[in-house]
Amino acid sequence: MPRAQDVKLLLDIPEPEALFHFDDYAKVLANAIVSSDPHFTIGIFGPWGKGKTTLLRNVERHLRQQGRDILVVCFDAWRYQRESHMLLPILETLEEAIGERAGSFQHLRAQIGKLAKAFAYSTTLTAGFASVNLKEGLTKLEEETRSRYYGWLEELGKAMEQLRKTRAKARIVFLIDDLDRCLPSKAIEVLEAMKVMLDVEGFVFVLALDETVIEKAIEIHYGGEYGINGRDYIKKLVQMEFTLPGLRPQDIQEYVKVLIAKLTGLDQKMVAALAEIVPIIAEDNPREVKRFINSTIVASAISARAGMLVHPAAQVCFMGLRFKWPAFAKQLSEQIWLAATINGYLAGAANEVPEAMDAVKAILDKHPGLEGFLKMGISRQLLKLSPNDLEQLIFYAGVVEKARTEERGEVSPSGLLLTFSEDARAVLTKAADEARRLHHSYLETEHMLLGISAKASKRTSDALEYLGVSLDKIKSATESVIGPVGKGRIKRDVDLSPRTKRAIEFAFDEARRLNSDYIGSEHFLLGLLRETDGVAASILESLGLTVQRFKEALQKKDFST
């Protein structure tokens, strides 16, 4: 496990490495930009996190290797949203790029500066007219200003044409990123500015964007008033579309290796678990890969600092549930016993409570892909955790706050999936502690009896007293037959034995039968009585207890008052 001070996060920045065949894609796109007549737009399309910026940076790298005939201008659109009009920062960014570049493009700088000033004055003048609500339209002054603007645009075109007569390969390539992060009005301003500049031969634009977002922005901006379809608008503006291909599992596995190599202090078991689980959880989204790894190593470091030591695979698996199946992760956090029941279901264990198995099947069917994930060998490290360890793991993972007592009785829609009461949780914790104290590898039914004797609710203890059986009697009888203290190191993880799992399943079956909205220590005792293969059943029967007698005692009167 990484120590808290060793945690290093993966930053959300473009990867410099040539991953996912991006370098091949970039070479082809750069070649198309250099070889074609410079009068077109390329669209790099893909949803959030798929690597559009990384590909754009790779295209930039290849273009800059082409020599002095290619002027690359990088424009991050969202950084300029507060400008009065997006054409102004576009022209200013172009002017700065020329200023940083000695050589043939320098003579364009003056025209671009004049063009920017003319447009700035024009927009300021227009705003002034609007503020005084002049109805006669453009004044002579404004007409002259606009005329100068279009005049300078024409002059820029002539200068570019003159340059290309002596340097046929000369072109200015705009790489525009994060357009889909802009407000709709500002995104449209960029697109409209591109239209104007595409009238000048020698300009190429490469747009990296989520096309569905921009199409929606176009329709929002025009509001349907002009009958403009967002998709049609993009098709007219973009002459070549390149949609980022999906990533294969082996691509993601390789990416995980690259990312993990940047981190220090990771347990090798966690490294192996991340390599196996991340491709399933993050699918083909590189940004989600980083988010998942960051969240997992932080949760692991926090739990390690708190002294909790569980198998790294268990932590990675639970974080996987949290990311991909959050509703199930929340349900598991509220119904800790569910892990053991699902484990039994997946293992095809015999003698399981049919109702419980039906409930598990209903849960798994509700979440596509979940059953396959939980069937993975690595996922069993999570399902076989003791209730106490699982509860701690979930707590430090930060999925949900520790539920308040009054919230623990919530019944799921199935009417069967109940939650543990406070005393039931205390019983499980005490039982696990007893198993560890005795160096036993499994939490057996007799350990559950020791937990009940120490942490049972008043309702349970009163019902037992009514039958003439005290909690002390149960403790003494259990200690007289329990196995000897084992040898070796105390295990942090204590697995539920098959008998204990069945007893817990019988417990929630009894709770359902008694119309209870929680599972308490009284239901645990009934479950232990029903699990006749366990030592606990023999101990309780020797004290004169049966399922029927204890149920009658519980129902005789309200023992909780």
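The values are calculated or read from the model by the stated rules, or taken from the named source; none is laboratory data. Remember, it's a predicted structure, so these values are computed and weren't measured experimentally. Cβ placement follows ideal geometry from the backbone for every residue including glycine, while neighbour counts extend to all protein chains displayed.
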### Summary
Within the stretch 152-192, residues in contact with a Ser or Thr (Cβ under 7 Å, 6 or more places away or on another chain) and of a type in the set (A, V, I, L, M, F, W, C) come out as Leu163, Ala170
### Message
So, Leu247, is that one under 28 Å from Asn285 (Cα atoms), touching a residue at least 12 places away in the same chain (Cβ under 8 Å), among the hydrophobic types (A, V, I, L, M, F, W, C) and part of a loop (DSSP other than H, G, I, E, B) or not?
### Response
yes
## Note on the structure
Per the list (1) under 27 Å from Gly451 (Cα atoms); (2) touching a Lys or Arg at 6+ places or on another chain (Cβ under 7 Å), residue check on Ala313 breaks on (1)
### Task
Inspect the stretch 365-373 for any residue being in a helix (DSSP H, G or I), farther than 30 Å from Gln268 by Cβ, in the same structural domain as Val289 (by TED's automatic domain parsing) and of a type outside the set (S, T, N, Q) and give the result as yes or no.
yes
### Query
Among the residues of the stretch 42-51, is there at least one that is closer than 14 Å to Asp177 by Cβ and surrounded by fewer than 16 Cβ atoms within 10 Å (Cβ to Cβ)?
yes
## Note on the structure
Every listed condition ((1) outside any helix (DSSP H, G or I); (2) more than 16 Å from Asp76 (Cα to Cα)) holds for Gly157 save (1)
### Task
Could you grab me the full set of residues in the stretch 102-115 that are surrounded by fewer than 16 Cβ atoms within 10 Å (Cβ to Cβ) and not polar (S, T, N, Q)?
Ala102, Gly103, His107, Ala110
## Note on the structure
Out of (1) aliphatic (A, V, I, L, M); (2) out of contact with any helix residue (DSSP H, G or I) (no Cβ under 7 Å at 6 or more places or on another chain); (3) outside any loop (DSSP other than H, G, I, E, B), the one Ala187 does not meet is (2)
### Query
Where residues in the stretch 311-341 are of a type in the set (Gly, Ala, Ser) and within 27 Å of Pro249 (Cβ to Cβ), which of them is surrounded by the most Cβ atoms within 10 Å (Cβ to Cβ)?
Gly320
### Message
surrounded by 16 or more Cβ atoms within 10 Å (Cβ to Cβ) and out of contact with any Leu (no Cβ under 9 Å at 6 or more places or on another chain): which single residue out of Met357, Met308 fits that description?
### Response
Met357
### Message
Exactly one of these conditions fails for Leu115: (1) modelled with pLDDT of 70 or more; (2) on the phi > 0 side of the Ramachandran plot. Give me its number.
### Response
(2)
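Okay, residues lined up against (1) charged (D, E, K, R); (2) outside the structural domain of Phe105 (by TED's automatic domain parsing):
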site: Ala187; (1), (2): no, no
site: Lys236; (1), (2): yes, no
site: Met270; (1), (2): no, yes
site: Ala275; (1), (2): no, yes
site: Val278; (1), (2): no, yes
site: Glu283; (1), (2): yes, yes
### Query
Which members of the stretch 198-235 meet the condition of being within 30 Å of Lys165 (Cβ to Cβ) and out of contact with any helix residue (DSSP H, G or I) (no Cβ under 8 Å at 6 or more places or on another chain)?
Leu198
### Task
Could you pull out the residue among Lys475, Lys491 that is at pLDDT below 85, out of contact with any Asp or Glu (no Cβ under 7 Å at 6 or more places or on another chain) and either closer than 30 Å to Gly307 by Cα or in a helix (DSSP H, G or I) (or both)?
Lys491
### Message
Would you confirm, using the coordinates I've provided, whether Leu514 is under 25 Å from Gln555 (Cα atoms), modelled with pLDDT of 90 or more and outside the structural domain of Ser386 (by TED's automatic domain parsing)?
### Response
no
